[in-house]
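The structure appears right after this line, and notes come after that.
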Amino acid sequence: MNLEKFKGIFPAFYACYDDVGEVSENRTKELCDYLYNKGVNGLYVGGSSGECIYQNLEERKATLKYVAESLRGKCTLIAHVGAPSTRDSVILAQYANELGYDALSAIPPIYFKLPESSIYKYWSEIMDATDLPFIIYNIPQTTGYSLSLPLFRKLIENKKVIGVKNSSMPVMDIERFKAVEENVIVFNGPDEQYVAGRLIGADSGIGGTYGVMPELFLMAEKFVSTGNFNDARKIQKDINDIIIALCSLNGSMYSAIKEVLKLSGVNIGSVRGPLEPVTGEDLIKINDIKQMIDQAISSYVKVTK
């Protein structure tokens, strides 16, 4: 398989709601157009940024459908299908396959602390449900399970496994996964270490803040890929300043992101509880964050030309 289409900047797609909190077809497709026109390489649909664990099966299927209708064949689409039960994960996997997605991905099972034999079986049953390639999602800070190298080695014996989305904070994990198998795509997960992740071995990136500042991550990738490490370090510092600001408000980071996007002309609603919206005086700070993003983008325009 040609893995080149899985390299580059992949925003983790946000949940798009109408004004009463229902999944919105129009707003989902509007966000698709917005990100595609920014030049991103693909989208990761239905993951953490998509508020997947707070949506029912039909809502998740609706988002997968609306994104596919907008961008199938235009860019690489990865469907995150991890769900609390294997049954629902398989249903989502088969639906994504019908819609023409390029690959599947899934977190490990959540809530119950399971042995690796159960985790292996869960991922394997998802893979067996379709002929699509599969990307392991390692995010121990939310799932409570950190992908071990022995299980990673066992999983990649299945030729459907083409990569791992590594969102663990130790950047060394990226190097370790890449050392096991060079021909597996490793996606950097933590946005705060995109440059470090790429330099230590990540081939690509999937991130939850890419969608609110795609220009900066596209520039960061250009700096890394052309060997301009000085500007790569500088832009990572600016990205991190913005991420810290997004996380400093009383409300979910995703709510802050959605408020910034509204100022960019893209209204995708708010967040679903128990995630909290940004309210009150913190809404005033959204303007400052938008200015931070705009200023950072403008400061690198000349460098990237």
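The values are calculated or read from the model by the stated rules, or taken from the named source; none is laboratory data. Quick caveat, the model's predicted, so the values are computed rather than measured. Counting neighbours? That spans all protein chains shown, and the Cβs are built from the backbone with ideal geometry, glycine included. The protein model used for the area step is the full one, side chains on, heavy atoms only, and it has no ligands, DNA or RNA in it. Shrake-Rupley method; radii C 1.70, N 1.55, O 1.52, S 1.80 Å.
Quick notes on this structure:
- Some residue of segment 209-225 being farther than 20 Å from SER298 by Cα and either within 17 Å of the chain's Cα centre (by Cα) or among the polar types (S, T, N, Q) (or both): yes
- Among the residues of segment 214-257, just one is closer than 19 Å to PHE13 by Cα, of a type in the set (Ser, Thr, Tyr) and either touching a residue at least 40 places away in the same chain (Cβ under 8 Å) or open to solvent by 40 Å² or more (accessible area, probe 1.4 Å) (or both), namely TYR254.
- Filter result for GLY46 (open to solvent by 20 Å² or more (accessible area, probe 1.4 Å) and at positive phi): no
- Among residues of segment 108-126, those that are under 27 Å from LEU3 (Cβ atoms), open to solvent by 40 Å² or more (accessible area, probe 1.4 Å) and either among the hydroxyl-bearing types (Ser, Thr, Tyr) or in contact (Cβ under 8 Å) with a residue 40 or more places away in the chain (or both), counted: 1
- SER105 in a helix (DSSP H, G or I), in contact (Cβ under 8 Å) with a residue 24 or more places away in the chain, buried (at least 19 other Cβ atoms within 10 Å of the Cβ) and not acidic (Asp, Glu): no
- Helices (runs of 4 or more DSSP H) wholly inside segment 192-305 that include at least 3 residues being closer than 21 Å to ASN166 by Cβ: 194-200, 214-225, 229-246
- The residue pairs whose first member lies in segment 259-288 and is hydroxyl-bearing (Ser, Thr, Tyr), whose second member is surrounded by 14 or more Cβ atoms within 10 Å (Cβ to Cβ) and not in a loop (DSSP other than H, G, I, E, B), and whose beta carbons are closer than 8 Å, counting only pairs six or more residues apart or on different chains, are SER264/TYR34; SER264/LYS290; SER270/TYR17; SER270/SER255; SER270/LYS258.
- Residue-level check: of (1) closer than 19 Å to GLY47 by Cα; (2) part of a helix (DSSP H, G or I), LYS121 misses just (1).
- Residue selected from segment 67-87 under the condition open to solvent by 40 Å² or more (accessible area, probe 1.4 Å) and not in a loop (DSSP other than H, G, I, E, B), by the criterion farthest from ILE139 (Cα to Cα): GLU69
- Entirely in segment 138-182, the helices (runs of 4 or more DSSP H) that have 3 or more residues that are under 23 Å from GLY8 (Cβ atoms) and in contact with a helix residue (DSSP H, G or I) (Cβ under 7 Å, 6 or more places away or on another chain): 172-180
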